[in-house]
Each structure stands twice: as C-alpha cells, then as structure tokens.
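Below: the structure, in structure tokens.
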C-alpha cells in the first residue's frame, strides 16, 4: 500500500441537490501518470480541488500520502504541486520574482531559494526570460512557469489541471515532454484533460469521467479491450497474388476480413496476427507493402462507450 | 473538525509582498501627490485664518487641524473624505483581483491557509495608509511649526497623536468594507462602485436622513428622545463617529457629544478646556465603535472568503 500516493474513495461533492462529483474512487500509484479525462463540467476540477483541500468534501474520503486534505491541508499542500487550469501569475513581477514569492510561501529558506529557482527555470527552458515581466509571456510560457514552480517545490505529486488547454500544437508537445521529464524524476502525476488523443500519449492509466462519475478506469489498452470488444485490428496492404482476402480469413483466430480499398485488408482478430498475416500474403503469392496494428485510440473508446451506453438506454 | 497547522503561516510573506506591490504601484504615486497637496492646502488655509482671527489660544496648534478658510475645508474635513478614498482605492480589488488574474488557486495551493492571505492583505493596506497618514501628519505639523513659529505643547502633541491613531482606525473601517465587497463581487469595477456608493450614502446622505427617520419613529412630544434617537441612527455611519471623535480630541472645550440638559450645566465653566484624559473618555465610545466596525466588516469578508469557490 505504500506505493499509493493518492487514494480517493467514494469522493462526492454536492451543491444543493446536484452532485458535481458523485462517488468517485481511484488510486494513483507512485511514479505513474494518471489521467482524469472527460468533457468540461464532468467534475474533474472539483475532484482535484477536493484532493488539495481547496474545496470541502461532501462525502467519501481522500488521502494524499495518507494525509486527509480536509484535516491537514497544509501537510498535503506541502507535498503536492498544483498547476491550475490556465494558471495566472503577477504580471508586474518578473518570472523569478513570482517564483520567489511562492518559494517564501512554501517556506524554502533564503539560502536555497535562488539556486532552486534558477534550477527550476532552467529545467523548463525559461532561464533566458527569468528577469522578464510575466506580463509579456505567452500562454505556453506561463504553463511552463507553473511547472517550474512544481519543480522548485520538489513536490512528490504534481496535479495538473488541463495543462495543454489552449496551447498551440508545438507548445503542447513541449509541455507534454516536460511532464514526462517530471515523471522521470520520480514525481507521480495526476492530470486532467478533455483533449483525449494528446493525453493518451503520456498517461499510464486513465479514468474516463462523465457527469460526475468515473465511467471507465484502466490503461488505454485495457479500456480498448473492454469497450471495443477486445481483439486486434491488423491492416494489411498488398497487391498481386490470388485471393489474399481468403488466405487471410483462413488464418486461425481471424474473425472477419474487410476490404476498405483495393489492395487493402482489415482483419479483426483475437490476437496480434501480424506475423501470420505476412506469411499468408507471401504464401498466396502477394507482395506485402504494409502491415500495421491499430492501437485503440481513446477517442474511439470514448465515443464508442457513450454510443453503447446510449444504445443500452434506448433499448431499456 | 479541527484543522492542523497554524493559520498565521505565510502571513508575514503575504503582508510584505502586498506592501511592496502597493508601494510601487501607480495608486501609491497618486496617493503621495494627494498627501502633499492636501497638507499644503489645509495648512495654508488654516494659517491665514489663524493669523487673522486667533490672538491668544492655549491650543493654537490644534487649530491647525480644525480651522477652515473658505473655500477650503479644514484639514480634518479633508481627511474625512481623503481617508475613505485611500482605503477603498487600496482594498477594492484585493480578492477579486487575485481571482481575475487567476493567481488565487495557485497561491492557495501553497502551504498557507486562506486566513493568511486575507489578513495579510488587510495588514498591508493598513500599513500603507498608516505610512501616508503619518507623512501627512508630520508635514502639517512641520509646516505649522515653520509658519506659525509657535512650538506645540505636550498635551497638544498627545492629542494630535491620538487623533492620528483614530484616523488610522477610521481608515481600517473603509479598508475592511472595500475588502468585503472585493470578496462578494467578482468584478473589481462593481466592487469599487458599490463601495464608493455606500461611502457616499453613509457620509453625505445618512447624516441628513437620520433625524428624519427619528421623527418618523418617535413622537415629537419627546424632544429629548427624538434628538437621542436621531443621533444614535446617525452614528451608524463611520463618518459621523469619526467626526465626533475628532471633535472631542481636537477641541478640548467639547464636554459631551450628546445633548446637554440645563441641570448638567450647573456649575460648569463654559468654554474651559477639559484635561486630555477627560476628552479621551468623551471620544472613547466612538473610537471603540470604529474599531468594532472594522472587526465586524473584516469578519464578514473572512467568512465570505472561506466559503468562496477557489476556481476561476
């Protein structure tokens, strides 16, 4: 149990009679990147604020390194670094001065402050603009400065709310790289996002939120199996030969073979049949041009899940 | 449920940061100029008047604060509206400014309680006002020394010093009010406008309205009750409290701030000054009222801030 850094059990937040978060349970293990995914208003930010003790918990319990954020908020906030959605800084202060202020709030002693700030700014690539006013910073730079704050804090968990929201593709790729780097330094990361495909690339495990509940939880591959009915999709591109489609469908473990275009075949199979498919194509006298395994994308899983849920509701 | 950790953690850091923000801000430049101009105008007006009118006065120096010369109001009257303006100017965007800059959740995710942030901002605002008022006070006294050529007595200085302290308490009321509205209203402009509106109402309209309301409540036969009720109502306004306080402190002949019955005047020597301690007693309820009002307003803002959502 010692490697669980964040634990939520039946976490709920009620406003009047409406539940913003309703009975959410999940664990974040040490050293992993855990994604809270879902549309805006699904309860991701509220969940995060409850974990930080910035918002009262209506029911259920949360533990961060075994500390209750309701009773020991200062302890929790000392261990956790938080990057809020579209983070703000004092525009009239320089990047370094902004970090100086939070460093003093964190209680970092004066001797260590300068060095830690410089190191943190260097890590996120903002050393060159350390003495520029934050008012001149782009959105991506502000997000990076927010990450620098977490680095400076030497937090053991980083909670990032919509870190790539509103960034251009280049900036968000850079930010995701920084997040991976943070993980490499042994920081566990909980991040929330509504941008599924971008987040898929960094998350070890994800929880899909919908209307205040967690619909699905697990690794992307697990979710794929669960929602898309398991199985693998292998794409084969080949020409020549005689009746490649038939040869492919004769392989053991193949459920069906489709032909989306001339010379292109799509096999739905129980396991990864790439090697067997290659053999079959060659044996049938065809020239194999391309062979690929479709990774299930979160986007597909997500839409399919809600289609299924909708159909189930319609049927009932 | 008890929370662990001190609510004071980070208070000093927040106060110093807010103080340095205030001191370099454009608002502070405006304040500094206001302070200098007000001091010059008030002293000039008072001194020309004092030279014309007063020959022998044991409290000549205090006249510097209270004497007016048309069309300029007295120094005290200047302060009566300068102080609220300063306080509102420093406090109207204290909390909603953090919200709108989206810095609030980032700051509160550091190991401090909300208490430290709010109280630190209040302390910093009060410190800035105190610094400005102290400068203003020293300027006026210095100019008075130069231009009058009469050194103030010990009691005069004591009265002037207490007057300074009361003025700071008065500023605290308006600062707490401005911060309360900065918690309630998310838009800084709305908060500023509402606070200024309330200030105008309390300072200008309410003193005129209070006797009228008293007349509606009390039958006109009870003349004394009528006057007292009117006065009680008027004292709901901090401006009235401040005005009465200053009157008692700076005019030693003030024997009471309420109505005086004829039998109470028996044996009194009209126009003779009260000793400092007695004047202080006269002004005491008003002073306590001002301090209590700032505490109440601050607590209101505190409760509102604790219950507020952090997210932008």
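The values are calculated or read from the model by the stated rules, or taken from the named source; none is laboratory data. Model, not experiment: these values are computed from the prediction. All Cβ positions, glycine included, derive from the backbone under ideal geometry; neighbour counts span all protein chains shown.
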- Can you tell me which residue within the range A:19-41, out of those that are more than 16 Å from residue A:187 (Cβ to Cβ), within 15 Å of the chain's Cα centre (by Cα) and at pLDDT 90 or above, is surrounded by the most Cβ atoms within 10 Å (Cβ to Cβ)? A:36
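Taking the condition of being more than 9 Å from every other protein chain (Cβ to nearest Cβ) and either part of a helix (DSSP H, G or I) or in contact with a helix residue (DSSP H, G or I) (Cβ under 6 Å, 6 or more places away or on another chain) (or both), how many residues in the range A:39-52 meet it? I'd like the intermediate steps shown before the answer.
Going through the range A:39-52, the residues more than 9 Å from every other protein chain (Cβ to nearest Cβ) turn out to be A:39-44, A:47-48, A:50-51.
Still in the running and either part of a helix (DSSP H, G or I) or in contact with a helix residue (DSSP H, G or I) (Cβ under 6 Å, 6 or more places away or on another chain) (or both): A:44, A:47-48, A:50-51.
Residues in the range A:39-52 being more than 9 Å from every other protein chain (Cβ to nearest Cβ) and either part of a helix (DSSP H, G or I) or in contact with a helix residue (DSSP H, G or I) (Cβ under 6 Å, 6 or more places away or on another chain) (or both): 5 in total.
Considering each of B:247, B:202 in turn, give the residue that is buried (at least 17 other Cβ atoms within 10 Å of the Cβ), closer than 29 Å to residue B:155 by Cα and under 18 Å from the mean Cα position of the chain (by Cα). So that I can check it myself, show each step before the final result.
On the way: B:202 fails: closer than 29 Å to residue B:155 by Cα.
That would be B:247, the only listed residue that is buried (at least 17 other Cβ atoms within 10 Å of the Cβ), closer than 29 Å to residue B:155 by Cα and under 18 Å from the mean Cα position of the chain (by Cα).
Check the range A:42-53 and report whether any residue there is surrounded by fewer than 16 Cβ atoms within 10 Å (Cβ to Cβ) and in the same structural domain as residue A:204 (by TED's automatic domain parsing). Even if it seems obvious, please write down each step before you answer.
Taking the range A:42-53 and keeping what is surrounded by fewer than 16 Cβ atoms within 10 Å (Cβ to Cβ), we get none.
So far as the range A:42-53 goes, no, none of its residues is surrounded by fewer than 16 Cβ atoms within 10 Å (Cβ to Cβ) and in the same structural domain as residue A:204 (by TED's automatic domain parsing).
Which residue out of B:111, B:71 is within 14 Å of chain A (Cβ to nearest Cβ) and more than 30 Å from residue B:272 (Cβ to Cβ)?
Details: B:71 fails: within 14 Å of chain A (Cβ to nearest Cβ).
Criteria check complete, one pass: B:111.
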- Of the criteria (1) in contact (Cβ under 8 Å) with a residue 60 or more places away in the chain; (2) away from chain A (no Cβ under 14 Å); (3) within 21 Å of the chain's Cα centre (by Cα), which one residue B:58 fails: (3)
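Answer yes or no: is there a residue in the range B:286-309 that is within 30 Å of residue B:105 (Cα to Cα) and not in a helix (DSSP H, G or I).
Applying the first criterion (within 30 Å of residue B:105 (Cα to Cα)) to the range B:286-309 yields B:293-309.
After this cut, where a residue has to be not in a helix (DSSP H, G or I) as well, the list is B:308-309.
Checked the range B:286-309: at least one residue is within 30 Å of residue B:105 (Cα to Cα) and not in a helix (DSSP H, G or I).
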- Among the residues of the range A:164-173, how many are more than 12 Å from residue A:139 (Cβ to Cβ) and under 15 Å from the mean Cα position of the chain (by Cα)? 1
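How many residues are more than 11 Å from chain B (Cβ to nearest Cβ), in contact (Cβ under 8 Å) with a residue 12 or more places away in the chain and outside any loop (DSSP other than H, G, I, E, B) when one looks only at the range A:15-38? Give the derivation first.
Looking only at the range A:15-38, we keep the residues that are more than 11 Å from chain B (Cβ to nearest Cβ), and these are A:16-19, A:21-38.
Filter again for in contact (Cβ under 8 Å) with a residue 12 or more places away in the chain, leaving A:19, A:21-38.
With outside any loop (DSSP other than H, G, I, E, B) added as a condition, the list becomes A:19, A:21-29, A:33-37.
Within the range A:15-38, residues that are more than 11 Å from chain B (Cβ to nearest Cβ), in contact (Cβ under 8 Å) with a residue 12 or more places away in the chain and outside any loop (DSSP other than H, G, I, E, B) number 15.
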- Task: Report, by residue number, each residue of the range B:13-25 that is within 21 Å of residue B:306 (Cβ to Cβ) and more than 8 Å from chain A (Cβ to nearest Cβ).
- Result: B:15, B:18
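From the residues in the range B:77-87 that are surrounded by fewer than 23 Cβ atoms within 10 Å (Cβ to Cβ) and out of contact with any strand residue (DSSP E or B) (no Cβ under 9 Å at 6 or more places or on another chain), which one is nearest to the other protein chains (Cβ to nearest Cβ)?
Only one residue tops the list, namely B:85.
Looking for whichever is surrounded by fewer than 20 Cβ atoms within 10 Å (Cβ to Cβ) and more than 14 Å from the chain's Cα centre (by Cα) here; the options are B:145, B:118. Which one fits? Spell out the reasoning first.
On the way: B:118 fails: surrounded by fewer than 20 Cβ atoms within 10 Å (Cβ to Cβ).
When all the criteria are applied, what remains is B:145.
Report yes if residue B:45 is within 14 Å of another protein chain (Cβ to nearest Cβ) and over 21 Å from residue B:279 (Cβ atoms), otherwise no.
Working: within 14 Å of another protein chain (Cβ to nearest Cβ): no; over 21 Å from residue B:279 (Cβ atoms): yes.
No, not satisfied.
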- Considering the range A:42-69 alone, what residues qualify as being under 21 Å from residue A:102 (Cβ atoms) and free of Cβ contacts under 8 Å to residues at least 24 places away in the same chain? A:49, A:54, A:67, A:69
- Query: Right, residue A:232: within 34 Å of the chain's Cα centre (by Cα) and closer than 24 Å to residue A:209 by Cβ or not?
  - Reply: no
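Would you mind stating whether residue B:29 is free of Cβ contacts under 8 Å to residues at least 12 places away in the same chain and either surrounded by fewer than 21 Cβ atoms within 10 Å (Cβ to Cβ) or under 23 Å from residue A:92 (Cβ atoms) (or both)? Full working, then the answer.
Working: free of Cβ contacts under 8 Å to residues at least 12 places away in the same chain: yes; either surrounded by fewer than 21 Cβ atoms within 10 Å (Cβ to Cβ) or under 23 Å from residue A:92 (Cβ atoms) (or both): yes.
For residue B:29, the condition - free of Cβ contacts under 8 Å to residues at least 12 places away in the same chain and either surrounded by fewer than 21 Cβ atoms within 10 Å (Cβ to Cβ) or under 23 Å from residue A:92 (Cβ atoms) (or both) - is met.
May I ask you to list the residues in the range B:1-22 that are assigned to a helix (DSSP H, G or I) and surrounded by 14 or more Cβ atoms within 10 Å (Cβ to Cβ)?
Of all residues in the range B:1-22, those assigned to a helix (DSSP H, G or I) come to B:11-22.
Within the range B:1-22, B:11, B:13, B:14, B:15, B:16, B:17, B:18, B:19, B:20, B:21, B:22 qualify.
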- Show the residue pairs that are 6+ apart or on different chains and have beta-carbon atoms under 9 Å apart, the first residue being within the range A:96-118 and farther than 25 Å from residue B:6 by Cα and within 13 Å of another protein chain (Cβ to nearest Cβ), the second being at pLDDT 95 or above and assigned to a helix (DSSP H, G or I). A:97/A:134
- Message: What are the pairs with Cβ atoms under 6 angstrom where one residue, in the range A:70-88, is more than 7 Å from every other protein chain (Cβ to nearest Cβ) and on the phi < 0 side of the Ramachandran plot and the other, located anywhere, is crowded, with 19+ Cβ neighbours inside 10 Å and assigned to a helix (DSSP H, G or I)? Sequence gap at least six, or different chains.
- Response: A:81/A:150; A:81/A:153; A:83/A:146
